[in-house]
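A short write-up of the structure that comes next.
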Amino acid sequence: MVLESGMLSISSWGGSISANEFRIAALAFADKWEKCNSSFSHWSWVSPKRLGVAADNVEGYLCLQNVLILKGTKDNCCDEASTDKSKEETCFHNEDDPIDNATLVQSSDGEAHYFDFHIVYSNSYRVPVLYFRGYCIDGQPLMLDDIEKDLPANSSKLLSESKWTFITQEEHPYLNRPWYTLHPCGTCEWMKLLYANETPMINRVLVDQYLVSWFSVAGQVIGLKIPLEMLRS
């Protein structure tokens with residue numbers, strides 16, 4: 001996709017974006033998230049300095065740090081959320097928060113786990129990739145089995161049934177350490193499906209909304225919801 005003021009035919013679009021478009025989409029996503037989801041942690045743009053990269057070459061990634069999973073609540077109320085809405089709201093949200101706020105509140109034995117999430121551009125697939133890691137309060141990293149226990153119940157179902165994505169471990173392209181990722185091999189296909197019924201639109205409009213649409217799917221896997229106001233925009 002070429003970023004310009006012209007119209008884009010959705011039927012001919014491959015579902016990918018360029019690195020420059022990713023940065024524009026990422027900044028738009030972070031801005032909308034902060035405006036629509038002010039009670040939750042905010043995404044920030046990180047521009048790391050790397051050897052061999054020209055000073056005017058703008059690159060980086062979105063970062064959401066230290067998301068706390070408060071364990072010990074799901075067994076008490078969340079399993080009954082489908083039959084008792086008030087319990088669901090008490091379990092997942094502060095009293096004044098809207099019901100569609102992002103949340104990663106889960107259950108178990110009372111210990112706290114923290115998560116970091118990064119949205120990184122893949123030059124190979126030309127799409128965003130969600131990188132994440134979990135760790136205990138003492139910094140001890142969580143293994144995938146422990147992470148899966150912290151994820152919402154529908155995540156396992158989504159991962160087992162979806163042909164579009166799966167969790168793998170790869171080296172973070174900026175931090176050079178192993179992180180878990182949602183593999184991007186099917187991203188172009190489901191992005192095209194998300195926009196399949198759209199009429200031709202201005203390229204800039206699609207770019208600005210690209211990460212919102214993408215995260216409405218990717219976020220389901222790790223339990224972070226897109227605020228409804230972001231989708232409506």
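The values are calculated or read from the model by the stated rules, or taken from the named source; none is laboratory data. Since this is a predicted model, take the numbers as computed values, not measurements. Methodologically, a virtual Cβ is constructed for each residue, glycine included, from the backbone with ideal geometry; neighbour enumeration extends over all protein chains shown.
Restricting the stretch 184-206 to residues that are β-branched (V, I, T) and at pLDDT below 90, which is nearest to Y114 (Cα to Cα)?
The residue in question is V205.
Output the residues belonging to the stretch 111-161 that are over 26 Å from E59 (Cβ atoms), of a type in the set (S, T, N, Q) and either loosely packed, with under 15 Cβ neighbours inside 10 Å or at pLDDT 95 or above (or both).
Matches in the stretch 111-161: Q140, N154, S156, S160.
What about L224, is it within 16 Å of the chain's Cα centre (by Cα), outside any helix (DSSP H, G or I) and crowded, with 19+ Cβ neighbours inside 10 Å?
Considered against the rule, which asks whether it is within 16 Å of the chain's Cα centre (by Cα), outside any helix (DSSP H, G or I) and crowded, with 19+ Cβ neighbours inside 10 Å, L224 comes out as yes.
Would you check which residues across the stretch 134-174 are acidic (D, E) and within 29 Å of S47 (Cβ to Cβ) and list them?
Matches in the stretch 134-174: E170, E171.
Do any helices (runs of 4 or more DSSP H) entirely within the stretch 114-204 hold 1 or more residues that are in contact (Cβ under 8 Å) with a residue 12 or more places away in the chain and hydroxyl-bearing (S, T, Y), and if so, which?
Ranges flagged: 153-161, 187-194.
Spot the failing condition for L8; the list is (1) at pLDDT 85 or above; (2) closer than 24 Å to C185 by Cα; (3) buried (at least 19 other Cβ atoms within 10 Å of the Cβ), and only one is missed.
Condition (1) is where L8 drops out.
Out of everything in the stretch 27-46 that is in contact with a strand residue (DSSP E or B) (Cβ under 9 Å, 6 or more places away or on another chain) and not in a helix (DSSP H, G or I), what residue ends up being modelled with the lowest pLDDT?
Looking at residues that are in contact with a strand residue (DSSP E or B) (Cβ under 9 Å, 6 or more places away or on another chain) and not in a helix (DSSP H, G or I), I get F40.
Would you confirm whether or not the stretch 83-101 contains a residue that is modelled with pLDDT of 50 or more and either outside any helix (DSSP H, G or I) or of a type in the set (S, T, N, Q) (or both)?
No, the stretch 83-101 contains no residue that is modelled with pLDDT of 50 or more and either outside any helix (DSSP H, G or I) or of a type in the set (S, T, N, Q) (or both).
Could you please let me know if S216 is among the hydroxyl-bearing types (S, T, Y), within 24 Å of S122 (Cβ to Cβ), at pLDDT 85 or above and outside any strand (DSSP E or B)?
yes
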